[in-house]
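Here's the structure we're looking at; comments come further down.
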Amino acid sequence: MAALPEPTRPRAGLVLTGGGARAAYQVGVLKAVRELLPFPDRNPFPIICGTSAGAVNAASLAVFAENFEAGVEHLLEVWSNFHAHHVYRSDAVGIARGGARWLGSMMLINRSSPSALLDNSPLAHMLSSGLDFGRIQENIDNGSLYAVSITCSGYSSGQSVSFFQGGVDCQPWERSQRIGCAMPLRVEHLMASSALPFVFPAIKLNREYFGDGSMRQIAPISPALHLGADRVLVVGTGRQSQDSARVRSNSYPSLAQIAGHALNSIFLDSLYVDIERLQRINRTISLIPKEKIAEAGLPLRKVEVLVASPSQPIERLVPRYIMELPRTVRFLLRGVGAMNRNGSNLASYLLFEKGFCRALIELGYEDTMKRREEMQSFLGG
């Protein structure tokens, strides 16, 4: 915290976390933000940071930073009409090929490591054809955007790497197990950041293979702070306060239940720990007189943080829409127990179908409009 740069002027940061299909919730929040802005075409977030599926949303906003309203409309159009085949191959051949590689590897028939269970080349095609990454630098040059970062996780180094593109005064950073690296962003960064472990293949960037950025990301808010944000809107994909009641279970957890629990740990736990840490540091700084901080030459500052998260568990919506998935995907999920209620967590990350996504968009919109005064106060700086 002590080494964070002092912003030369107030800059709001937007942090969009991971969560697969759950990231549709973020689009609902952004839809509400657009309606609450007095000038919806002006980008209210000069600093945009994304991880995993949130990286796709972040890059879209950065490409459309010159017209925030158009950027949100683009995201609404995409997410409201999503189907699984837009993200990964859901045809019988594509599903069978990935499953056969895994089965062959486990039976030692295929001694080479299988790259992934699902083929997400359709997502790469959609992003390449739908986003003009050259516009990111144009928006930085014309002042519509200050910086954008995409976080990935290195499989060899174990580091959380935030690849960022920003103004000339944006400087790289290095902390324990996390670094910031300046370079022009491309579709490969989005594919690497959203490469769910085991599910989607890792992507090679420079000299290393990278996977989902939420892995090993112990400080999800830090990229926005390193890039100079003085206040941050964080949009998560899981409830901030979980029910603490313990549930009795006599049946052994299915593979889907274990995998869903692991994904929740990857995508949700570190975010709320980081938020608690930031709030604790803010309280500590508020107890120190400003003149003492100035005398010591410490670049400490309070950072306002507003968190938008679902008001209800997203996995509870899964049974209503899971039959929208292609039969081949349902067959695959049924085999690991993800079609059951206890396995709905895993299914929620892969349910890229318009019914489910539209329900999450509506939930994000309603949750944000219920806090409209709080959101308007944040947006007003």
> In this structure, does residue 78 turn out to be touching a residue at least 40 places away in the same chain (Cβ under 8 Å), surrounded by fewer than 24 Cβ atoms within 10 Å (Cβ to Cβ) and under 17 Å from the mean Cα position of the chain (by Cα)?
Replying inline: yes
>> Looking only at residues that are of a type in the set (A, V, I, L, M, F, W, C) and part of a strand (DSSP E or B) in the stretch 152-172, which one is surrounded by the fewest Cβ atoms within 10 Å (Cβ to Cβ)?
In response: 164
> Say we look at the stretch 357-381 and pick out the residues that are open to solvent by 30 Å² or more (accessible area, probe 1.4 Å) and of a type in the set (A, V, I, L, M); which of these is farthest from residue 232 (Cα to Cα)?
Replying inline: 369
>> Can you confirm whether residue 108 is within 23 Å of residue 267 (Cβ to Cβ), modelled with pLDDT under 95, not small (Gly, Ala, Ser) and not in a helix (DSSP H, G or I)?
In response: no
>> Please count how many residues of the stretch 299-340 are surrounded by 14 or more Cβ atoms within 10 Å (Cβ to Cβ) and assigned to a loop (DSSP other than H, G, I, E, B).
In response: 13
>> Just the residues that are surrounded by 15 or more Cβ atoms within 10 Å (Cβ to Cβ) and more than 13 Å from residue 182 (Cβ to Cβ), please, taken from the stretch 129-151.
In response: 131, 133, 135, 139, 144, 145, 146, 151
> Since residue 229 meets every condition but one in (1) in a loop (DSSP other than H, G, I, E, B); (2) at pLDDT 90 or above; (3) under 13 Å from the mean Cα position of the chain (by Cα), which condition does it not meet?
Replying inline: (3)
> Counting only residues that are assigned to a loop (DSSP other than H, G, I, E, B) and under 19 Å from residue 219 (Cβ atoms), how many does the stretch 46-60 have?
Replying inline: 1
>> Testing residue 240 on (1) loosely packed, with under 13 Cβ neighbours inside 10 Å; (2) polar (S, T, N, Q); (3) at pLDDT below 75, one condition comes back false. Which one is that?
In response: (1)
> Does residue 266 satisfy the condition of being within 17 Å of the chain's Cα centre (by Cα), modelled with pLDDT of 80 or more and surrounded by 19 or more Cβ atoms within 10 Å (Cβ to Cβ)?
Replying inline: no
>> Tell me which strands (runs of 3 or more DSSP E) are completely within the stretch 173-221 and hold 3 or more residues being farther than 21 Å from residue 120 by Cβ, or say none if there are none.
In response: 173-175, 178-182
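The values are calculated or read from the model by the stated rules, or taken from the named source; none is laboratory data. Bear in mind that the values here come from a model prediction, so they are computed numbers and not experimental data. When we count neighbours, we look across all protein chains shown, and the Cβ atoms used for this are built from the backbone with ideal geometry, even at glycine. Only protein heavy atoms, including side chains, enter the accessible area calculation; ligands, DNA and RNA are left aside. Shrake-Rupley method; radii C 1.70, N 1.55, O 1.52, S 1.80 Å.
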